[in-house]
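Notes follow the structure.
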Amino acid sequence: MKKLLIITALVEGMTGLFFLLLPSFMVSVLFDVSLDTQVGLVLGRLAGSALLSLSIACWIAGNDTQSRAALAIVWALLFYNVISIILLTYVYIDLDFCGIGLWPAVILHLIFGLWCIVFLKQASKLTGRKETNERK
């Protein structure tokens with residue numbers, strides 16, 4: 001789990017930093033459209049700060065992988081990655097926006113989402129074994 005959390009922290013941290021500092025550029029890379037309004041810029045920066053917050057939580061949890069909090073973060077990451085895949089795909093299919101970074105972002109979220117599922121399955125097997133041993 002440590003590797004998942006640390007790599008996620010690095011990737012989402014860099015992405016968040018770019019969204020915070022260069023929201024118009026990031027939206028252009030993902031969707032090939034520009035942010036024309038102040039509200040759009042603020043929302044782009046808000047997304048950046050959310051990603052940086054997620055990055056910080058992953059980084060800290062990466063040093064305490066045995067805690068329930070770390071497991072909860074992996075569940076949150078799974079939710080985040082699934083929603084990201086759905087929203088990014090929707091933007092392409094229904095709104096017809098597609099920048100050079102859209103499909104790499106979808107694939108990256110798919111890989112991270114699958115990694116979360118694999119980890120959570122392994123964790124549930126370990127938890128089940130611990131509970132069985134404790135009952136004996």
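As for region 83-101, it holds at least one residue that is in a helix (DSSP H, G or I), among the aromatic types (Phe, Trp, Tyr), farther than 19 Å from residue 7 by Cβ and modelled with pLDDT of 95 or more.
Taking the criterion of being over 17 Å from residue 81 (Cβ atoms) and crowded, with 19+ Cβ neighbours inside 10 Å, the residues of region 1-34 that qualify are 23, 26, 27, 31. Give region 104-127 a look and list any residue that's under 19 Å from the mean Cα position of the chain (by Cα) and either aliphatic (A, V, I, L, M) or surrounded by fewer than 14 Cβ atoms within 10 Å (Cβ to Cβ) (or both), or say none. Matches in region 104-127: 104, 105, 106, 107, 108, 110, 111, 114, 117, 118, 120, 121. Pairs meeting the criteria (first residue in region 7-24 and under 24 Å from residue 74 (Cα atoms), second residue assigned to a loop (DSSP other than H, G, I, E, B) and at pLDDT below 95, beta carbons under 7 Å, at least 6 apart or on different chains) are 9/62.
Return yes or no: is residue 97 surrounded by 17 or more Cβ atoms within 10 Å (Cβ to Cβ), in contact (Cβ under 8 Å) with a residue 40 or more places away in the chain, of a type outside the set (A, V, I, L, M) and in contact with a helix residue (DSSP H, G or I) (Cβ under 9 Å, 6 or more places away or on another chain)? No: the conditions fail for residue 97.
Filtering region 33-56 to residues that are hydroxyl-bearing (Ser, Thr, Tyr) and either under 20 Å from residue 4 (Cα atoms) or touching a Gly at 6+ places or on another chain (Cβ under 6 Å) (or both) leaves 53, 55.
Out of everything in region 35-90 that is in contact with a Ser or Thr (Cβ under 6 Å, 6 or more places away or on another chain) and over 21 Å from residue 122 (Cα atoms), what residue ends up being surrounded by the most Cβ atoms within 10 Å (Cβ to Cβ)? Among those that are in contact with a Ser or Thr (Cβ under 6 Å, 6 or more places away or on another chain) and over 21 Å from residue 122 (Cα atoms), it is 51. Taking into account only those residues within region 1-60 that are charged (D, E, K, R) and outside any helix (DSSP H, G or I), which is farthest from the chain's Cα centre (by Cα)? Step by step, filter region 1-60, then rank; the result is 36. If the condition is being without any contact (Cβ under 8 Å) to a residue 40 or more places away in the chain and among the charged types (D, E, K, R), then region 27-74 contributes 36, 45, 64, 68. Taking every residue in region 107-136 that is modelled with pLDDT of 85 or more and pairing it with any residue that is outside any helix (DSSP H, G or I) and hydrophobic (A, V, I, L, M, F, W, C), at least 6 positions away or on another chain, the pairs with Cβ-Cβ distances below 8 Å are 119/1; 123/1.
The values are calculated or read from the model by the stated rules, or taken from the named source; none is laboratory data. This structure is a prediction, so every number in the text was calculated from the model and none was measured. Neighbour counts are summed over all protein chains in view; Cβ atoms, including those assigned to glycine, are modelled from backbone coordinates with ideal geometry.
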